[in-house]
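Here is the structure we will look at.
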Amino acid sequence: MSGGAAASDDTAKRPGIDPRLYQIGALSGLLAYGLATLGLDVSPARAALLLAAALGAQFACTKIWRLPAFEPRSAIISGLSLGLLLRCGSPALAVLAAAAAVSSKFLLRWRGKHVFNPTNFAIVASILATREVWVSPAQWGNGAFFGFLLACAGGIVVQRAARADVTAAFLALYLALVLGRSLWLGEPLAIQLHRLQSGSLLLFAFFLISDPRTTPDARAGRVLFGALVAAGAAFVQFRLFRTNGPLWSLAALSPLVPAIDWLLPGPRHGWPRAIPLPPSVSKGARHETPLDSPGRLFPALRRGAPGAPVLRLLRGSGRRETL
């Protein structure tokens, strides 16, 4: 999955099941496990509300932006992720957070890519906007079994989405900084090892920072980005003395991704095709050409160019989902 290997770096060209289905399965299993076994401070009704609000926002944005297809999978991932991490006392705030997560994909974009991870953006924006939203890192406990379960489920997801490198870079440097700090201060390593056995940390590493639509295109860029987020998380945690350092660090450093892509260019990630909308909904849909569309990469696809009809025929039955 090197920056120069376009075929291996673009999951849309890989055969098999859409990687987002693995992520939906893993997140659903984790949420069910948390509700049934860990007694998470979120009710099944609140989790269902977040999921419904995310899907509703996705459908509304699809119609507002006049897109030719409705893509529910990304919205389901956002809804499940918010159910795992977001805590608030008001159902209205939960709905607003889900709407903010989905709408950020449409509103906050740069050259066809999302600027922020939708779930991370919704959590940070909600915390900044109100004092009634929080994330509880201790809700998952520090059990080795649950940490192992998260690591296995998350490992499947990042491997399928071709983003294991950014997860590995983040975890490697963050663990090195945390353990190095303990050694420098003379603390028992058991204290930091206990902190690192956090379900919230693994959720972040395997399901938030590894989002293919918000990470740099090239492998070198992703490794750099993962290291920067780890350094920022350690700074927030141990210098600013704030909880949820990884979430704050990712939100602050995500706007650097376009600069990293410019310095270290690589092939653009793209998901498989979306679900077509009914004709009554998709009528008059506006087709936007993403940066990595065949028309941009292959000039022969442009109108009037030699060979254009043949290449358009080979292009197949639809464009890839970009939102």
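Throughout, read-outs are computed from the coordinates displayed, never taken from laboratory work. Keep in mind that this is a model prediction, so the values were computed, not measured. Counting neighbours? That spans all protein chains shown, and the Cβs are built from the backbone with ideal geometry, glycine included.
Here are the numbers:
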read-out: Ordering of 150-156, 165-171 by packing [mean C-beta count within 10 Å, highest first]; value: 165-171, 150-156
read-out: Rg followed by Dmax, in Å, when region 16-263 is reduced to its Cα trace; value: 17.3, 59
read-out: Rounded to whole Hz, the Karplus (6.51, -1.76, 1.60) HN-Hα couplings of region 236-248, x for glycine and proline; value: 5, 6, 10, 10, 8, 6, 10, 6, 6, x, x, 5, 5
read-out: Dimensionless Rg ratio for region 112-230, taking C-alpha atoms and the 2.2 N^0.38 Å reference; value: 1.12
read-out: Packing-based exposure ordering (other Cβ within 10 Å, fewest first) of SER74, SER103; value: SER103, SER74
read-out: Protection proxy ranking, peptides 22-31, 61-70, average beta carbon neighbours within 10 Å, highest first; value: 22-31, 61-70
read-out: Taking the convex hull of Cα positions in region 55-99, its mean projected area over all directions (nm²); value: 3.1
read-out: Protection proxy ranking of 177-184, 43-50, 194-201 - average other beta-carbon atoms within 10 Å, highest first; value: 194-201, 43-50, 177-184
read-out: Residue among ALA251, ALA176, LEU80 farthest towards the positive dipole end of region 16-263, charges placed on Cβ; value: ALA251
read-out: Relative contact order (%) - region 29-99, alpha-carbon pairs under 8 angstrom, separation at least six; value: 42
read-out: Calculated log₁₀ intensity ratio I(q)/I(0) where the Debye formula runs over C-alpha points of region 181-226, q = 0.13, 0.21, 0.33 Å⁻¹; value: -0.47, -0.77, -1.08
